[in-house]
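This report refers to the structure that appears directly beneath it.
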Amino acid sequence: SAMASNLFVILLLLLCSSPSSSSPPQGYEELPFQHFISMLSSFWGNLTSRDGSVLMARLTVMAGAEEAKRSLKATLGSSFMGKKQACMPSSFRAHVNRVEAAASLLQLVYDPNKARGMQGFGILQAFQLEHGEWESSMYKPAYLVLRNVEDRKRVWVVVRGTNSVDDLFTNMETEPAKFMDGHVHKGILLSSKFIAEQVKQHITRDTKEVVLVGHSLGGGAAAFATAILRNEGYEASGIVFGCPSCFYPATFAEELLNRHVVSVILDADVIPRLNNNTVFALIPAEGMENLLLSTKDLLLDGLLGSLRKNKPFARAVGLDKVATGEQLPPGRNFILEPFKLSSTEVEWNVREAQYEDLNKIVLCSSMLSDHNVASYLDAVIKSQLRHTRSCRRFEL
C-alpha cells in the first residue's frame, strides 16, 4: 500500500541516521553505496522476516547493469548522440544566473561560521546577512535572510535541508495534507507555512521580490512557501535543489509552482525520485504486510484503498493523485547530467525532466552523493554552468 511504502521511506531515512539524539544525523549522501545496499537489505529482511541476501543480490545486479549503461553512455555519448558539447534549454537559460547565486548561498545555511562572517568568494561577496536561524525544530527548519548589497529591494531566503533529529521528525510526517487544490507532505507543508510567516516579517514597502532557496527538505519548504506567498499577493519565486517528491499534483497548485519555482535535480540524486511507486518498484512487496502500522495509518490506508476503487469520487475531492501514490518534486524540474568531453573534461548537460525521469530510481554509486550540497555546488558553480551553450530545438 502507499502508506506502507511511506513508512518504509521513513525507516529508510532513520536507517541512514545517527542513533544519537545529541549529534546531527549522518547524511545518507555520505554512506558508501555498497554499505548502503547491505544495510537496506538487512533492514528489509528484519522488517519482513525474509532473507535479506535476496534483496541484496537483486539490488547489486540492478546497480551493476545501471553502472554499465552509464559507463557506456559516458564513453560513447557524444558521438552516439551526435552532440559535441553539453547544452541547456532556453527555459533554463533564463534562470541560470539566479541558480548560480542560489547554489552559492546554500553553503551558508549549512556553515554558520562562513555565514556570520560572510567569508565568501565571487557571488557571495554581493550579499549581506540580515537574519539567521541555525537551530531547527520540528516544522521549523533553519533559514537565513539575505539582501544583495547592490539590489536591496530583493530579499533572498535560504532554507536548510535535513541536518538535525528534529528535521528527521519533520520528514516522518508523510501523511498527505490539503494544499490548495492538491495534497502535499504534511511535515514539509507545515515547514513551508513557518517559512512564509518568517518571510513576511522581512518584507518592507520597498521590497519588490522575495527569492526563496532551499535544498532537500528545505527545498520543499521553499517551494510551497513560494506558492503560499504568491497566492497571498506577494511577488515571490523559488529556486530549489534536490527537492523530494512531496507533491501530489493538482491543476491550480501545479501551474502555480511550475510558473514560479525552478527545481534543479543533479543526475542520479535519489531523493527527488523517492516516492511510493519507485520504492515498491525497487523493493519486493512480499512480506511488507508484516509491517506494524498505527491505527491512524491503518484508517488512512483504508480510505486510500476505497478511493482507488472509486476514482470519480477521488477526482472530485482532489484525492485521486494521493490514492494512486503519484508524487513529484514541486516546480518545473530540470536535470543536470554529466557530459563527458574527454577522460578529464566534463560539462553539465541540462534538460527538462520528463515524468518517467522522476518515477524511476537510478540505482548507481552516485545516487546518494549526488544529493550532497557540495555536489550541487560543483555542478552549478565550479563547472561554470552559465557558459553551457543553449540547445538547438532538435536537441531538447
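Key figures for this structure:
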| item | result |
| --- | --- |
| One residue from Glu175, Glu209, Glu150, Glu235 being at pLDDT 90 or above and open to solvent by 50 Å² or more (accessible area, probe 1.4 Å) | Glu235 |
| Index of the failed condition, Met288 passing every other in (1) within 30 Å of Val346 (Cβ to Cβ); (2) at pLDDT below 50 | (1) |
| Top-ranked residue in region 325-368 [being open to solvent by less than 60 Å² (accessible area, probe 1.4 Å) and among the acidic types (Asp, Glu); ranked as modelled with the lowest pLDDT] | Glu326 |
| Region 238-268, residues that are modelled with pLDDT under 95, open to solvent by 10 Å² or more (accessible area, probe 1.4 Å) and within 22 Å of Gln198 (Cβ to Cβ) | Pro244 |
| Any hit, region 7-28, residues being modelled with pLDDT under 75, of a type in the set (Val, Ile, Thr), assigned to a helix (DSSP H, G or I) and at negative phi | yes |
| Selection status of Ala227, surrounded by 24 or more Cβ atoms within 10 Å (Cβ to Cβ), touching a Pro at 6+ places or on another chain (Cβ under 7 Å) and outside any strand (DSSP E or B) | no |
| Some residue of region 137-145 being in contact with a helix residue (DSSP H, G or I) (Cβ under 8 Å, 6 or more places away or on another chain), of a type outside the set (Phe, Trp, Tyr), modelled with pLDDT of 90 or more and surrounded by fewer than 16 Cβ atoms within 10 Å (Cβ to Cβ) | yes |
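The values are calculated or read from the model by the stated rules, or taken from the named source; none is laboratory data. Keep in mind it's a predicted model, so treat the numbers as computed, not measured. Here the Cβ is made from the backbone with ideal geometry for all residues, glycine too, and neighbour counts use every protein chain on show. Each accessible area value is taken on the protein alone, full model and side chains, heavy atoms only, with ligands, DNA and RNA left out. Shrake-Rupley method; radii C 1.70, N 1.55, O 1.52, S 1.80 Å.
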